[in-house]
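Student: Structure below; questions to follow.
Coordinate-derived values only; no laboratory data. Keep in mind that this is a model prediction, so the values were computed, not measured. A quick note on method: Cβ atoms are made from the backbone with ideal geometry, for glycine too, and the neighbour counts reach across all protein chains shown.
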Amino acid sequence: KDSIKKATETYTSRKSINFTNVKKLPGKNKKKSHIYDVENLSATYAYNITEYRDAQTEYKNDKEHRGGILYNYSAKPKNFQPFSTNKYFRKSPYFKIVRDFNFYLVPKQYSFGSTVSRTYTERKVRQTNPFYNPQPYYQKTFNWDRTYALRHDFTRALKFNFNAANRSLIEETKANGGRVDKEYKDEYEQFKDSVWQSVLRGGENMAYNHNFGLDYTLPINKLPYLEWVNVSSRYGATYNWDRAPIGLDSLGNTIRNTNKWDLNGQLNMNLLYNKVDYFNRLNQSERSRDKTIEKRKKKEELIFIFYTF
């Protein structure tokens, strides 16, 4: 009676545990961060298991592991201005472009992440025919994702950023339909050996992509009589590589890339008009008039509040 009841009911059980962004926080007295600080590291781990059965399914067990580690360091590099203290360059407006020359020696941000995700499903259809006993079915994936990021401000006007991501497949033995069970010691040892050999090779690359951008603000506004002109430019590019499906290498891999140029200009007409004495006096008188009107409004508001009170 119990076995018939168990075979006819629909049952689902879910269990999970999750640790997200676990890291050590910096101490209260710590004033400066370093590239080797343990606070730059954070870890994540998640484990989920689902058990299911019904009238047609004897059992279906889904297991998912996901773990990752992230390193991120944001620096505050020193900005060097070798000509800023020169008296001649400091006094002459024609050498402003030289006086403001600056650069950074080290990048501003480094980042690296590594995430491993593993899914394993074992399913067996219930035997309804006395002459045929279905065998268990196994489905599994084992992926290794790596991410990289770099940001470097060469100068205050020239900035570079780079981001990349790589996905690889951890290969494992497919003996006995892909079964992974510690009760079968020989099979399990073969499974561990195949996984570690694949890990040491970095896995089988399946996809890679990166993008980068270069931003530059042209120093036109540092030239005499051109303070009212601002020009900025940007160059961006992307690259994507996807491997052909495993077993169909004859189809070849897929590569895509793009690049884009942007150029933006802004003209500040107020700065231009102020270079002419007549327009400069008009602007000053208009500003003084606006200030007078604003003071009058504030005074009227105070009087209104006083009488209301």
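Student: When we measure straight from the Cα of Lys30, which aspartates and glutamates land under 18 angstrom away, once same-chain ones fewer than 8 places off are left out?
Tutor: Glu39
Student: Local charge sum around Val229 (other residues, Cβ-Cβ under 15 Å, Lys/Arg +1, Asp/Glu -1)?
Tutor: Values: positive: Lys96, Lys222, Lys275; negative: Glu227.
Residues near Val229 contribute +2 overall.
Student: Write down the percent of antiparallel bridges among all DSSP beta bridges whose residues are both part of the chain, to the nearest 5. It would help to have the intermediate numbers written out before the result.
Tutor: Working: 106 of 106 bridges.
Given both bridge residues lie in the chain, the antiparallel proportion sits at roughly 100 percent.
Student: For the stretch 50-151, what size does the Cα cloud have along each of its three principal axes, sorted from largest down, in whole Å?
Tutor: Result, largest extent first: 100, 20, 17 Å.
Student: So what are the chain's ellipsoid semi-axes, whole angstrom, largest first, if each one is the square root of 5 times an eigenvalue of the alpha-carbon gyration tensor? If you can, show how the numbers build up before the last one.
Tutor: Values: eigenvalues 834, 178, 90 Å².
That gives 65, 30, 21 Å for the three semi-axes.
Student: Report the local net charge at Tyr132: Lys and Arg +1, Asp and Glu -1, summed over other residues whose C-beta lies under 15 Å from its C-beta.
Tutor: Numbers: positive: Lys124, Arg126; negative: Glu58.
That sum, taken over residues with Cβ under 15 Å, equals +1.
Student: Any chance you could give the angle, 0 to 90 degrees and rounded to 10, that helix 277-308 forms with the longest Cα principal axis of the chain?
Tutor: Helix 277-308 sits at roughly 70 degrees to that axis.
Student: Please state the Cα pair-distance histogram of the stretch 107-207 with 5 angstrom bins from zero: what percent is in each bin?
Tutor: It works out to 2, 10, 15, 14, 13, 10, 9, 7, 6, 5, 3, 3, 1, 1, 0, 0, in whole percents.
Student: Taking the Cα centre of the chain as the origin, how large is its charge dipole in debye, to the nearest 20, when only Lys and Arg (+1) and Asp and Glu (-1) carry charge on their Cβ atoms? The partial results should precede the final answer.
Tutor: On the way: 54 positive and 33 negative charges, 398 e Å.
Charge dipole of the chain: 1920 debye, to the nearest 20.
Student: Taking θ as phi - 60°, what are the ³J(HN,Hα) couplings along the stretch 218-228 by the Karplus curve (6.51, -1.76, 1.60), each to the nearest whole Hz, with x for Gly and Pro?
Tutor: Couplings: 5, x, 5, 6, 8, 8, x, 6, 10, 5, 8 Hz.
Student: Moving on. I'd like the orientation of helix 185-200 relative to the chain: the angle between its Cα long axis and the longest Cα principal axis, in ° from 0 to 90, rounded to 10.
Tutor: 20
Student: Related question: Which three extents, in angstrom, do the Cα atoms of the stretch 160-220 have along their principal axes, listed largest first?
Tutor: The Cα atoms of the stretch 160-220 stretch 73, 18, 15 Å along their principal axes.
Student: While we're looking at this one, here's another question. Using only the Cα atoms of the stretch 1-117, what semi-axes does the equivalent ellipsoid have when each is the square root of 5 times a gyration tensor eigenvalue? Give whole Å, largest first.
Tutor: Values: eigenvalues 797, 49, 17 Å².
Calculated on Cα positions only, the semi-axes equal 63, 16, 9 Å.
Student: For each pair in Lys24/Lys76; Lys108/Lys260; Lys28/Lys96; Lys5/Lys124; Lys63/Lys185, compute the distance between the two Cα atoms and list the pairs where it is over 30 Å.
Tutor: Numbers: Lys24/Lys76 21 Å; Lys108/Lys260 24 Å; Lys28/Lys96 42 Å; Lys5/Lys124 18 Å; Lys63/Lys185 20 Å.
Flagged as over cut-off: Lys28/Lys96.
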